[in-house]
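Here the structure is laid out as structure tokens; the discussion comes afterwards.
The values are calculated or read from the model by the stated rules, or taken from the named source; none is laboratory data. All values derive from a computational prediction rather than experimental measurement. Note that each Cβ is placed from the backbone with ideal geometry, even for glycine, and that neighbours are counted across all protein chains shown. Accessible surface is based on the protein model in full, side chains and every heavy atom, while ligands, DNA and RNA are left aside. Shrake-Rupley method; radii C 1.70, N 1.55, O 1.52, S 1.80 Å.
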Amino acid sequence: MTKQIAFLRGINVGNIRIKMPDLQAAFEKVGCQNVKTYLQTGNVVFESNLGLEELKLILEHTLTQTFHYEAFVLLYSFDSLVEIIANYPFERTETHHAYAIFIENEAILEELSTHSQGLEEDMATGKKVLYWKVTKGQSTDTAFSKLLAKAKYKPYTTVRNLNTLEKMGSPDRL
């Protein structure tokens, strides 16, 4: 069994409401074990014998059928989460949010990385992730956040606060 992380995009916002016990049951239905959810935003830590690509297809199909919405699941190994957290390149302050933008499509990562270079925002490219430091209260008002909100990026990206990731990556989460 391999420890993995799933990030579901777009749940418990708007009209897509999923209770975490129901989400846990859906993961267990497809053979995932030691399933734990974190917060109400679709963060799941679990173990599976399946590869990430195969599991992504199975989970997206199962979640779409079970909860009647177009599911977008981004999957990562638990080890890669630990690496992503460790590689956050900016100083952490009380006045800023520290974000990791998970991007599973290499072309989209390159495109967003290129667009971020011309902006006056703290952005850095990592492995399958963009790091973003933004002033608290402005997470939805910046030029980059407006770019990221475009429909073409929806299936490939999701944003998570580094504080949340650190809690998911702690040993007591598994």
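Screening SER145 on (1) touching a Ser or Thr at 6+ places or on another chain (Cβ under 8 Å); (2) in contact (Cβ under 8 Å) with a residue 40 or more places away in the chain; (3) within 19 Å of ILE11 (Cα to Cα); (4) part of a helix (DSSP H, G or I) shows it passes everything except condition (2). Scanning segment 93-136 for residues that are outside any helix (DSSP H, G or I), in contact with a Phe, Trp or Tyr (Cβ under 9 Å, 6 or more places away or on another chain) and among the hydroxyl-bearing types (Ser, Thr, Tyr) yields TYR99, THR125, TYR131.
Does any residue of segment 106-128 turn out to be in contact with a Gly (Cβ under 9 Å, 6 or more places away or on another chain), touching a residue at least 40 places away in the same chain (Cβ under 8 Å), open to solvent by less than 40 Å² (accessible area, probe 1.4 Å) and of a type in the set (A, V, I, L, M, F, W, C)? No, because not a single residue in segment 106-128 is in contact with a Gly (Cβ under 9 Å, 6 or more places away or on another chain), touching a residue at least 40 places away in the same chain (Cβ under 8 Å), open to solvent by less than 40 Å² (accessible area, probe 1.4 Å) and of a type in the set (A, V, I, L, M, F, W, C). Among the residues making up segment 12-44, those that are crowded, with 21+ Cβ neighbours inside 10 Å and either on the phi < 0 side of the Ramachandran plot or among the aromatic types (Phe, Trp, Tyr) (or both) are LEU23, PHE27, CYS32, THR37, ASN43, VAL44. Residue check: ASP79 meets all listed conditions (1) free of Cβ contacts under 8 Å to residues at least 40 places away in the same chain; (2) open to solvent by 30 Å² or more (accessible area, probe 1.4 Å) but one, namely (1). GLN40 falls short on exactly one of the conditions (1) closer than 14 Å to MET168 by Cβ; (2) touching a Pro at 6+ places or on another chain (Cβ under 7 Å), and that condition is (2). Note down all Cβ pairs under 7 Å where the first residue falls in segment 18-35 and is over 14 Å from ALA6 (Cα atoms), the second is outside any helix (DSSP H, G or I) and among the hydrophobic types (A, V, I, L, M, F, W, C), and they're at least six residues apart or on different chains. Note: pairs meeting the criteria are ILE18/ILE11. Restricting LYS136, LYS150 to residues that are open to solvent by 50 Å² or more (accessible area, probe 1.4 Å) and within 17 Å of the chain's Cα centre (by Cα) narrows the list to LYS150. Tallying residues that are open to solvent by 50 Å² or more (accessible area, probe 1.4 Å) and within 25 Å of GLN4 (Cβ to Cβ) within segment 90-104 yields 1. Restricting to segment 62-78, count the residues that are assigned to a helix (DSSP H, G or I) and within 16 Å of LEU162 (Cα to Cα). Total satisfying the criteria: 1. Just one of the listed residues (LEU81, LEU59) is in a helix (DSSP H, G or I) and closer than 30 Å to SER116 by Cα, and it is LEU81. Scanning segment 51-71 for residues that are in contact with a helix residue (DSSP H, G or I) (Cβ under 8 Å, 6 or more places away or on another chain), crowded, with 18+ Cβ neighbours inside 10 Å and closer than 22 Å to MET1 by Cα yields LEU59, LEU63. Report whether or not THR158 is of a type in the set (Ser, Thr, Tyr) and surrounded by 15 or more Cβ atoms within 10 Å (Cβ to Cβ). Judged against the criteria, THR158 is a match.
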